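Have a look at the structure below before the remarks.
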Amino acid sequence: MNDQHPAQPPDAPGPGGGSHVRAADRPARLSVGIVGTGRVGPALGAALRQAGHRPVAASGVSEASRRRAAELLPGVPLVDPSQVLAGADLVLLTVPDDVLPELIAGLAATGAVRQGQLIAHTSGRYGTGVLEPALRAGALPLALHPVMTFTGTPVDVQRLAGCSFGVTAPEELRLAAQALVIEMGGEPEWIAEEARPLYHAALAIGANHLVTLVGQSMDLLRESGVEAPEKMLGPLLGAALDNSLRSGDAALTGPVARGDAGTVSVHLAELAEHAPRMVASYLAMARATADRAIDHGLLKPELAEELLDVLSEGGRSR
């Protein structure tokens, strides 16, 4: 498309949620530009290419960004952000959350944004409000956040199959947003503008903190002499995750949920000796677990009192 014609939304999905036109049977319909070639941008660009769209330009500075672009977007030139926008009907802004407002304001101020251009960011924190400068310049705003951790390798494109996307869009662009997500292999979940920060906090607690907890567990197992902690934890954590997704708080188990105050006290003593930096996180998670176990009637009041005393003493003794 040229500058005189606004970008047209992708085809609407057909029955069952999928696009009713196969990518192999249609020409590329949108030229795609990607501002930011971290782990997310190249994967989404590659997925859009598989769906029949045409990545035409990307921006990236670091050597790692250039390697990712070369692997996932071969033949796509790396240029500065304003040049990315110049040739694209759909622009993906795949930059860190804190960078996004200034980037959008700067692109709009320099006249890089075109009338009718689809501008989509992938931040979980923001909705479309952050794109207001681009909207004033005539752009069509979308917030498309893939609920997935990315490695920066081709496996990311495969993992998009069935991946949820947190989507925020004006009513008139909901069909376009839905079609783009489905074409990338994902499933749209509509998130209200004002709910975006809470939605993002929920995902950070679940995914980001999980990595930290698993890392701590593996460190302690190595300290205790286990040679392959990942083999020991794999089945256990897989079962725990499956149980929690299926049964919620009914899946709570372990010494805190049972009210085994003596065991928890021993844990705290061992951590204080061998891994004092982990005491705070153990206490925080144990208190949160106790609260949920009490609220759901899993932890008897008489056992909860002694357990909470141990946790309180553990906090004061650090």
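Read the figures in this text as sums done on the coordinates, not as results from a lab. From a predicted model like this one, the values you see are computed outputs, not experimental measurements. Reconstructed Cβ throughout: ideal geometry from the backbone, glycine too, with neighbour counts over all protein chains shown.
Just subtract the alpha-carbon distance of E302 and Q50 from 0.36 nm times their residue separation and send over the number in nm, one decimal.
Details: separation 252, 0.36 × 252 = 90.72 nm, distance 5.95 nm.
Between E302 and Q50, full extension yields an extra 84.8 nm.
Please give the Cα centre distance for segment 74-97 versus segment 114-144, rounded to the nearest Å.
What the calculation gives is 14 Å, centre to centre.
Rounded to two decimals, what is the ratio between the C-alpha radius of gyration of segment 15-191 and 2.2 N^0.38 Å? Before the final figure, lay out each step's value.
Numbers: Rg = 14.7 Å, N = 177, 2.2 N^0.38 = 15.7 Å.
So segment 15-191 has a normalised radius of gyration of 0.93.
What is the sum of charges, Lys and Arg at +1 and Asp and Glu at -1, for the other residues whose Cβ falls under 13 Å from the Cβ of E223?
With Lys, Arg at +1 and Asp, Glu at -1, the neighbours total -2.
To the nearest 0.05, what FRET efficiency results for A280 and A161 with a Förster distance of 51 Å applied to their C-beta separation?
Details: r = 39 Å, r/R0 = 0.76.
According to the calculation, E is roughly 0.85.
To the nearest 0.05, how large is the calculated FRET efficiency for R136 and S82 if R₀ is 25 Å and r is the Cβ-Cβ distance?
That pair, R136 with S82, gives E of 0.90.
In whole angstrom, and with the biggest value first, how far do the Cα coordinates of segment 198-316 range along each principal axis?
Result for segment 198-316: principal-axis Cα extents of 39, 36, 26 Å.
Helix-only estimate, please: 222 nm mean residue ellipticity of the chain, summing -39500 (n - 2.57) across DSSP H runs of length 4 or more and dividing by its residues, to the nearest 500.
Values: 14 runs with 150 residues, N = 318.
Estimated from H runs of four or more residues: -14000 deg cm²/dmol.
Give me, ordered by chain and number, the residues 5 or more places off H53 or on other chains with an amide H under 5 Å from its own placed amide H.
Distant-sequence amide H within range of H53: R29.
Looking at the chain, do any whole DSSP H helices span at least 27 angstrom along their long axis by alpha carbon and average -0.5 or above on Kyte-Doolittle, and which?
Numbers: long enough: none.
Span-like helices in the chain: none at all.
Above 12 angstrom, tally the Cα pairs of segment 266-318 and express them as a % of all pairs, no decimals.
63
Rounded to the nearest 0.05, what FRET efficiency do A269 and L210 give with R0 = 25 Å and r taken as the Cβ-Cβ distance? Could you check? If you can, show how the numbers build up before the last one.
On the way: r = 26 Å, r/R0 = 1.03.
After rounding to 0.05, the efficiency reads 0.45.
For the chain, treating each Cα as an identical point scatterer without solvent, what Debye log10 I(q)/I(0) comes out at q = 0.16 1/Å?
Taken in order of the listed q values, log10 I(q)/I(0) reads -1.21.
Can you list residues from other chains, or at least 5 along the same chain, whose modelled amide H is less than 5 Å from the amide H of F165?
Sorted by chain and number, the residues that satisfy this are V147, E187, E189.
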